[in-house]
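*Asks:* Right, I'll just put the structure down here and ask away after.
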Amino acid sequence: MERREFLNLAGFTCGATLLSPFEVIAKPFNPQKPIHRNTFYTKGRFLYDSLGNKIVLRGINLPLLDDWNFPQTDKLTELAKTGANAVRIQWYKNYGQADRPSYSIADLDKFLTRCRANRIIPIVYLADLTCKSNVNLLNSELIPWWTSKPVLSVLKKHQKYLIINLANELGVYRWSNNPTTALNSFKDAYKNAIARIRQHLQVPIMIDAPDCGTSIEVFTKIGKELINSDRSRNLLFSGHAYWAGYNGIPHLKTAIDANLPIVFGEIANKQDENINNSTSYCYYDLDGTGKNHAPQNNFTYQKLLPILKQQQIGWFAWSWWKDRCTERQMTENGDFSNLTPYGNDIVNNPVYGLKVTAKKSSAF
């Protein structure tokens, strides 16, 4: 499909100009000035740094703890060569495998310090409950970790430029037996979690959509209520664009029209599938290559990224490395000099690549 045709998909037009809250026309005697805060913050559907500058996240997922060479090495120096302005950092409360090299909250502190030195915005997420259906585990299993004294000490140290992503891909909606009940449970669990976090931290809280991150339509149903329940009004709603069997584009337009702070915590070139209770990696081609299986709706990440650029919506590519789907890695070995075809496109594409679209925050 030609780019000209795609940019009009689902009502998006390439001629639209969006004004940020700080770009509205003001009378000369009363100019509107940026807000200075101690953390990043959201206003309308945009994210701002602590100096009041709009920031559009352009980053990469780093499966930090799935790389068993951490904490001895972490590949951040190599990732920084892409020009990314943000990194989404995989962390576990409990990795669950005794033979994994030990790690501590002190190692996370050191990594966040290195993010600051590289002027890369860190987004920390917990992966312990990835794709689990019971959203109530958020408050019983994960929030105690987020609000523990050792963890809070580290998070507060880096709060000027930090975003926290409470749980990776937790909860169900479309995949539930009763979507209405599931949606209410999702909303109530996150209201509770937000309130508990806000007793200690005012940083942006990123909330993944249910159904392994895919069902972004829930945010048009409950997003405003969640924002209004947050005393800091500082939330980001994250979709994961594994859309081989689901058309999320119309829901994205609805979220934009509702002025919601949407980001994409994961975009990728391949999608896995569960077949007979076993994961088949790289099953769907989200890059149009036709090597494996085509998505039902002809979705590709190359169609999504120009929309996200046009609408100033943040995104994170999955992933730098390591991944069980090696075709989904941006590098063959974690080094910038060994970009895969997918990695090269994410970094160097002249329309949406990191080199041309990622702008660093001056808040560091």
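*Asks:* Tell me the residue from LEU142, LEU183, LEU155, LEU201 that is among the aliphatic types (A, V, I, L, M) and open to solvent by 10 Å² or more (accessible area, probe 1.4 Å), please.
*Replies:* None of the others qualify; the one that does is LEU183.
*Asks:* Can I ask one more? Restricting to segment 116-127, name every residue that is open to solvent by less than 10 Å² (accessible area, probe 1.4 Å) and more than 19 Å from LEU166 (Cβ to Cβ).
*Replies:* ILE120
*Asks:* Assigned to a loop (DSSP other than H, G, I, E, B) and either of a type in the set (Asp, Glu) or within 16 Å of GLY213 (Cα to Cα) (or both): is that true of ASP323 in this structure?
*Replies:* Considered against the rule, which asks whether it is assigned to a loop (DSSP other than H, G, I, E, B) and either of a type in the set (Asp, Glu) or within 16 Å of GLY213 (Cα to Cα) (or both), ASP323 comes out as yes.
*Asks:* Suppose we filter segment 99-122 for residues that are outside any helix (DSSP H, G or I) and more than 17 Å from THR82 (Cα to Cα); how many remain?
*Replies:* Of the residues in that region, 6 qualify.
*Asks:* Just checking, how many residues over segment 332-357 are of a type outside the set (S, T, N, Q) and either closer than 14 Å to ILE267 by Cβ or part of a helix (DSSP H, G or I) (or both)?
*Replies:* Matching residues across segment 332-357 total 12.
*Asks:* On to the next question. Determine the pairs where a residue that is part of a helix (DSSP H, G or I), located within segment 178-198, has a partner that is open to solvent by 70 Å² or more (accessible area, probe 1.4 Å) and among the small types (Gly, Ala, Ser) with Cβ atoms under 6 Å apart, the partner being 6 or more residues away or on another chain.
*Replies:* Final answer for the pair search is none.
*Asks:* Just one of (1) touching a residue at least 40 places away in the same chain (Cβ under 8 Å); (2) open to solvent by less than 10 Å² (accessible area, probe 1.4 Å); (3) assigned to a loop (DSSP other than H, G, I, E, B) trips up PHE70, so point out which.
*Replies:* Tallying (1) touching a residue at least 40 places away in the same chain (Cβ under 8 Å); (2) open to solvent by less than 10 Å² (accessible area, probe 1.4 Å); (3) assigned to a loop (DSSP other than H, G, I, E, B), PHE70 fails exactly one: (1).
*Asks:* Looking at ILE262, ILE194, ILE222, can you tell me which residue is within 17 Å of the chain's Cα centre (by Cα) and not basic (Lys, Arg)?
*Replies:* ILE262
*Asks:* Can you tell me which residues in segment 255-288 are open to solvent by 60 Å² or more (accessible area, probe 1.4 Å) and out of contact with any Ser or Thr (no Cβ under 9 Å at 6 or more places or on another chain)?
*Replies:* Of everything in segment 255-288, those that are open to solvent by 60 Å² or more (accessible area, probe 1.4 Å) and out of contact with any Ser or Thr (no Cβ under 9 Å at 6 or more places or on another chain) turn out to be ASN259, ILE275, ASN276, ASN277, SER278, THR279.
The values are calculated or read from the model by the stated rules, or taken from the named source; none is laboratory data. As the structure is a prediction and not an experimental result, all values here were calculated from the model. All Cβ positions, glycine included, derive from the backbone under ideal geometry; neighbour counts span all protein chains shown. The protein model used for the area step is the full one, side chains on, heavy atoms only, and it has no ligands, DNA or RNA in it. Shrake-Rupley method; radii C 1.70, N 1.55, O 1.52, S 1.80 Å.
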